[in-house]
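Asks: After the structure tokens below, expect a handful of questions from me.
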Amino acid sequence: MALTSPRLKRPFFSRDPVVLARDLLGRILFYRTPDGLLAGRIVETEAYTGAADPASHAYRGRTPRNAVMFGAAGHAYVYFSYGVHYCLNVTADAPGVAGAVLLRALEPLTGIEIMRRRGDHGPEVRLLSGPGKIGRGFGLSLKDSGRDFTRGPLGLAAGTPVDDRDVAVSRRIGISRAVDLPYRFSVIGSRSVSGRAPTLPGRDVARGG
């Protein structure tokens, strides 16, 4: 499996966020840093559909904070959560239409020791098992918001798509609005999935964060 190539191109991202969230499973997030290459396989995502979605940061319109969501698809939208975690999203849809996919969990592939030095000393398979862990493990900050995934050090590679039989669809977690929408996608059987992992394809079994 190639960790950094071929890179996913703009048309891949320029789709409905729900469709993109499903199709990001199995793809590779990588970051070429001064400390070395970091990479992980995406195993859990959540879609946010902008103006139609009360849980989206873009629900009430464009602000300086969420402006990247209204631009071209395939860019990083990083936000600071609860004053503790940096969370990474992939922008989706057409320019002017806010949509994003939150990367919730990855299976670590390379750069494990770098990730450990950043404060997580648990099992390797759980190093990136949550949005905050991805932000910490990859050393992300607000300076990374706006990075183009199609070029530069932060990228998304094709990896290996996941078969529908291995994908669970469930409710999003960790939110208080629009909680019943089936916009969370995860790889069945992955030990890196955050929270309580769904176990059956297409069935909502998520109940907590």
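Asks: Note the full-extension length gain between T63 and D166 as 0.36 nm times their separation in residues minus their Cα-Cα distance, in nm to one decimal. Spell out each step's value before the answer.
Replies: Working: separation 103, 0.36 × 103 = 37.08 nm, distance 3.75 nm.
Full extension from T63 to D166 adds 33.3 nm.
Asks: Tell me the label-point distance for the pair R15, V84, using the 7 Å Cα-to-Cβ offset, in nm and rounded to one decimal.
Replies: Each label point is offset 7 Å from its Cα along the Cβ direction, giving 3.4 nm.
Asks: Rank these by accessible area, largest first, 1.4 Å probe: R65, R60, R41, R172. Don't skip to the end; give the middle numbers.
Replies: Working: R65 130, R60 195, R41 50, R172 10 Å².
If we order R65, R60, R41, R172 from most to least accessible, we get R60, R65, R41, R172.
Asks: So how exposed is T150, as accessible area in Å² (1.4 Å probe, rounded to 10)?
Replies: Per-residue accessible area (T150): approximately 40 Å².
Asks: Same structure, new question: Using a 1.4 Å probe, how large is the accessible area of D16, given in Å² and rounded to the nearest 10?
Replies: 70 Å²
Asks: Percent relative contact order of the chain, based on C-alpha pairs within less than 8 angstrom and at least six residues apart?
Replies: On the way: 547 pairs, mean separation 53.3, N = 209.
Relative contact order of the chain: 26 percent.
Asks: Would you compute, from DSSP H runs of 4+ residues alone, the mean residue ellipticity of the chain at 222 nm, taking -39500 (n - 2.57) per run and dividing by the full residue count, rounded to the nearest 500? It would help to have the intermediate numbers written out before the result.
Replies: Working: 4 runs with 24 residues, N = 209.
My calculation for the chain gives -2500 deg cm²/dmol from helical runs alone.
Asks: Now, a different point. Taking a 1.4 Å probe, which of H121, H85 shows the most accessible area, and what order do the others take after it?
Replies: Working: H121 145, H85 70 Å².
The ordering from most to least exposed comes out as H121, H85.
Asks: Let me ask something else. Over the Cα atoms of the chain, what Rg and Dmax result, in angstrom?
Replies: Using the Cα atoms of the chain, the pair Rg, Dmax is 15.4, 42 Å.
Asks: Using a probe of 1.4 angstrom, how much of the accessible area of the chain is carbon and sulfur, in percent?
Replies: 53 percent
Asks: Quick one: ranking D163, D148, D93 by accessible area, 1.4 Å probe, largest first, what do you get? Please list the in-between numbers first.
Replies: Values: D163 70, D148 20, D93 40 Å².
These residues rank, largest area first, as D163, D93, D148.
Asks: Right, something else. Using amide H atoms built in the peptide plane, which far-off residues or other-chain residues are under 5 Å from Y77 H to H?
Replies: The list, which skips near neighbours in sequence, is N89, V90, T91, G146.
Asks: At a probe size of 1.4 Å, how large is the accessible area of L3, to the nearest 10 Å²?
Replies: Per-residue accessible area (L3): approximately 50 Å².
Asks: While we're here: Determine the relative contact order of region 40-159: mean sequence separation of Cα pairs under 8 Å and six or more apart, normalised by residue count, in whole percent.
Replies: Working: 245 pairs, mean separation 33.2, N = 120.
Once divided by the residue count of region 40-159, the mean separation gives 28 percent.
Asks: Here's another thing I want to ask about it. So who's got an amide H within less than 5 Å of the one on R104, skipping anything under 5 residues away but keeping other chains? H placed 1.01 Å off N, in plane.
Replies: Residues meeting the criterion, in which the H sits 1.01 Å from N, are E44, T45, E46.
The values are calculated or read from the model by the stated rules, or taken from the named source; none is laboratory data. For clarity, every value in this text was computed on a predicted model and none was experimentally measured. So basically every Cβ, Gly included, is an ideal-geometry build from the backbone, and we count neighbours across all protein chains shown. To get the accessible areas, we keep the full protein, side chains included, count just its heavy atoms, and leave off ligands, DNA and RNA. Shrake-Rupley method; radii C 1.70, N 1.55, O 1.52, S 1.80 Å.
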